[in-house]
Amino acid sequence: MKAGIISLGSVSSQMVAEKLKQYFDHVDMINLKEIEVRLGRDAGVYYQGELLSKYDTLYVKGSFRYAQLLRSITSMLEKKVPYLPLPSHSFTVVHNKLLTHLALQQHNIPMPRTYVSPNIEEAKYLLKRVNYPIVMKFPHGTQGKGVMFADSESSAASVLDALGALNQPFIIQEYIESGGTDVRVIVIGDRAVAAMRRRAMTNEKRANIHAGGSGEKVELTSKISTLAVKTAKALNADICGVDILEGPRGAMVIEANISPGLQGISKVVDLDIADCIAKHMFDETVKAVKPKSVLKELNLEEISGDKELMTNLKIRGDQIVLPSVAKRISGLTETDDVNIKLNKHKISIEKI
């Protein structure tokens, strides 16, 4: 089988690529900056001017600055690549803090109180009603960049004036006192596999490693693990870093990252996280490729009448995702009206 990583070539990407070589017959590192997406007559994903090769799995990742390109790439490849750890819409949602919080709200995931205002004037009225200190964020940004703190109405108003001059959208959020720490949890598939407590530098509220924070091993509790996995599922991400604050009102999710750095956490936990990612990708790719191979071998696609397929269910959030072969054999499309019959342990779908 053939695997690839489309990325900016970070150390974390290289770590995963090396581990993928232990599971896949062929592994490619593909430079995101040399990718282009064409729509129209010659539609497709092109690398260095040539149509991208066929892969059994592709780990597509990159910073928020490339969110539109990342979504475009995965949108074009979702029906061609058997397994993508990150579906196209995850790049739009997770690379925008406001959309992330909206997804968390829809799935009843605890988070700090968050406010959005249409303009600076309305936001200043809001400042009179909130408790201080507060956090002010740009919707886009990673590694703690674009995060500001205000400890009074006057200082917050000054920040708002600066944001108004920059014509930048922003989010206002309550500040949760956690002693300058947060917990970064790495979720792979259905499991929270590792966690570290990040501690901010003196006189610094951001605990991010890239902002000078330090990391230490922390044991995953059942509550934190469940919260992290639930968050990743809400964002439809099979590989995800989830940042959690442990405050007076309990654990709360503050952010998620679908291109989590592995260097810092790999130094403090007794686990090869890159290998966990590689093995998960291999296992999921086998599941995605095997049904298609079996059908081809048995010529089931050419047999009329009812067919049965034994496979595992894939669940993304609250949705059950059927294998692509089910769509191909049944001929059902998104525009079809269907009658769904349900009882315990059984689902029957029939076109009307």
At R0 = 45 Å the Cβ-Cβ FRET efficiency linking residue 2 and residue 149, nearest 0.05, sits at 0.45
Under 5 Å, built H, 5+ apart or other chain: amide partners of residue 247
252
Whole-Hz Karplus couplings 3J(HN,Hα) for the range 49-56, θ = phi - 60° and coefficients 6.51, -1.76, 1.60, Gly and Pro as x, run x, 10, 4, 4, 4, 7, 10, 7
Could you derive backbone 3J(HN,Hα) for the range 251-259 from the dihedral phi with the Karplus parameters 6.51, -1.76 and 1.60 (θ = phi - 60°), listing whole Hz in sequence and x where the residue is Gly or Pro?
6, 9, 8, 10, 7, 9, 9, 9, 9
Name the residues whose placed amide hydrogens come within less than 5 Å of the amide hydrogen of residue 9, ignoring near sequence neighbours (fewer than 5 apart) on the same chain.
32
Taking amide H atoms as placed 1.01 Å from N in the peptide plane, list the residues 5 or more away in sequence, or in a different chain, whose amide H sits under 5 Å from that of residue 188.
193
Residue by residue through the range 343-352, the couplings from Karplus 6.51 cos²θ - 1.76 cosθ + 1.60 with θ = phi - 60°, in Hz, x for Gly and Pro, are 8, 4, 6, 8, 10, 10, 10, 9, 5, 7
Note down the nm distance, to one decimal, between modelled labels 7 Å out along Cα→Cβ at residue 330 and at residue 348.
1.3
Which net charge results when you count Lys and Arg as +1 and Asp and Glu as -1 among the other residues whose beta-carbon is under 13 Å from that of residue 262?
+1
Where N is the number of residues in the range 113-174, Cα Rg divided by 2.2 N^0.38 Å:
1.00
For a quick size check, give me the Cα extents of the range 181-276 along its three principal axes, largest first, whole Å.
36, 32, 22
In nanometres, the difference between 0.36 nm per residue of separation and the alpha-carbon distance of residue 99 and residue 36 is 20.1 nm
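Coordinate-derived values only; no laboratory data. Small disclaimer: the values here were computed from a predicted structure and weren't measured. Every residue, glycine among them, receives a Cβ derived from its backbone with ideal geometry; neighbour counts consider all protein chains shown.
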